[in-house]
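Just below is one structure, and these are the notes that go with it.
Every number here is computed from the coordinates shown, using simple stated rules; none is lab data. All figures in this text were calculated on a predicted structure; none of them were measured in a lab. All Cβ positions, even for glycine, are placed from backbone atoms using ideal geometry, and neighbour counts span all protein chains on display.
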Amino acid sequence: MDLKEFRSVGHELVDWMSAYLENIETMPVMSQVKPGEIKNALPENPPQEGEKFSALMSDFNRIIIPGISHWQHPSFFAYFPANSSPVSVLAEMLTATLGVQAMVWQTSPAATELEEVVVKWLVRMLDLPDCFSGVIQDTASTATLCSLLSARERASRLAINEKGFTGSERFTCYCSREAHSSVEKAVKIAGIGRSNLRKIEIDRQMAMLPAELEKAIIADKTKGCRPLWITATLGTTGSTAFDPLPEIADICGRHNIWLHVDAALAGTALLLPEMRKLAAGLDKVDSFVFNPHKWMFTNFDCSVYLVRDVAALVRTFEIMPEYLKTTVDSRVNNYRDWGIQLGRRFRALKLWFVIRHYGVNGLRRIIRNHITMAEHLAGRISADPDFALLAPAPMNTICFRFQPSEISNDRILDEINQEIMNEVNGSGQIYLTHTRLHDKFALRLVVGQTNVEWRHLEAAWELLRQSACRKKIDLRFAGYFK
């Protein structure tokens, strides 16, 4: 493809992207294809000769688009928001065009220094302790692993990096039963072992119980174990529960344990002054992660990892082959030493574009509106005698289920709610997912897509109520109640 053709098809692609975003509400939110359908539509072998770009786009529209669940659809209420924005997409186009490898300062000074400035902007925007320094990772899973590895090397004085495990370390780690699966994965990858991860019990609000945490720590110490690392969650994946950070931080201080905070989704809410009460205690934590690619209109991937002790992070990962040495190393940040990857994308550019485009106040208005809409819907659900909230909804995630008073059998209620979810998702009009809270099947609806409006929530609620009404009629005919 020469540059003349590139210019022509580039304009066509921008037109396609604009039309896609303009017409996205006409598409089924959740892909309606069956397993294997996309694979079976593709040839078994690659083409021997190159094809025209028009042929690629034809197959893209015919084969790929039907197999896409549309995360940017305003009726996407599943999992978590992975919202984007036109300005972020445009910045991503520039990033792809530049093709920057931001591994060291010298490979692209602008990429390094912009990342340094934008991360410091975020520290101030979220009113986090000014002692934090940070780096943009790909995901919170990577940041969590970086935190654990840093804690491991600080505790071993870099001996594990140098010599490996001796078998005498007997490290233990801690999180709540509602912590994200990335915590368990990090414990496995870091060599600590799943059997040395203690999942602490939770209260009725799904938050970690500090007394149970300290009890587990003391029990481990009594057995000769060495408590190493604790993850507290601000906004759990299941229900956006907030672990009691001040109490957990005090426990970490008493026992000299690294405290990591996972605020992957909820961190963005700290833009709002009225939400910062939920983050008391952050001045005592060792590391913190949140994802602008979830709720700050910055397309995936973009995860901000902050640490108090930068030296501990860098010592964990630094390595200095001759071919990476430069004459300015002592005067700059080389972010290749701030994480796992050597090669790094220029993620700061899209974040810079988003912050400047919306401004802090513009970001706040949208986030505040999302939370307000979620509060209104939670109120509607709570007021309906056939539905029940299964967890508090402090932000934008609502966990609930169809629960008519005539049925008390949890197994039957689980099955009915699974059927309701499958029915509404199968309609293509909305997409929501589920979780289990206190061993009950819960419908889970997250308000956070960039362009969601109240009319989308009203339509979703009406669709759910209609499906529940049909189930109630079926149950009446089946003799469950009169």
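Over all other residues within a Cβ to Cβ distance under 11 Å of Q429, the charged ones net out to -3, with Lys and Arg as +1 and Asp and Glu as -1.
Segment 116-136 and segment 47-73 have Cα centres separated by 39 Å. Close amide-amide hydrogen proximity is noted between R226 and F171, T172, each under 5 Å apart and 5 or more residues distant or on a separate chain (H modeled in the peptide plane; Pro and chain starts excluded). The length gained by stretching the chain between R436 and F165 to full extension, at 0.36 nm per residue less their Cα-Cα distance, is 93.9 nm.
How much length would be gained if the chain were fully extended between E318 and L56, taking 0.36 nm per residue of separation minus their Cα-Cα distance, in nm to one decimal?
Details: separation 262, 0.36 × 262 = 94.32 nm, distance 4.24 nm.
Between E318 and L56, full extension yields 90.1 nm more.
The distance between label points at N256 and K221 comes to 1.1 nm (points 7 Å beyond Cα on the Cα→Cβ vector). Amide H contacts of R198: C173, Y174, C175, each under 5 Å away and 5 or more positions distant or on a separate chain (H built 1.01 Å from N in the peptide plane; Pro and chain starts excluded).
Could you tell me which of rounded, prolate or oblate describes segment 235-369, using a ≥ b ≥ c as the square roots of the eigenvalues of the alpha-carbon gyration tensor, with rounded for a/c under 1.5 and, failing that, prolate when a/b is larger than b/c and oblate otherwise?
It is oblate, given that a/c is not under 1.5 and a/b is not larger than b/c.
The stretch between D329 and F6, if pulled fully straight at 0.36 nm per residue, gains 112.5 nm over its current Cα-Cα span.
Over the chain, DSSP H runs of length four or greater, each weighted -39,500 (n - 2.57), average out per residue to a 222 nm ellipticity of -13500 deg cm²/dmol. Fewest-first ordering of I366, I473 by other beta carbons within 10 Å of each residue's beta carbon gives I473, I366. Note on A110 and S18: their simple-model spin labels are 2.5 nm apart, each label 7 Å out from Cα toward Cβ.
Spatially, segment 168-231 and segment 369-383 are offset by 34 Å when compared through their Cα centroids. Out of every Cα-Cα pair that segment 100-346 contains, those further apart than 29 angstrom amount to 28 percent.
Give the calculated FRET efficiency between E453 and N422 to the nearest 0.05, with a Förster radius of 30 Å applied to their Cβ-Cβ distance.
According to the calculation, E is roughly 0.70.
Just the projected area, averaged over all directions, of the convex hull on the alpha carbon atoms of segment 80-183: how many nm²? Averaging across all directions leaves 10.1 nm² for the Cα convex hull.
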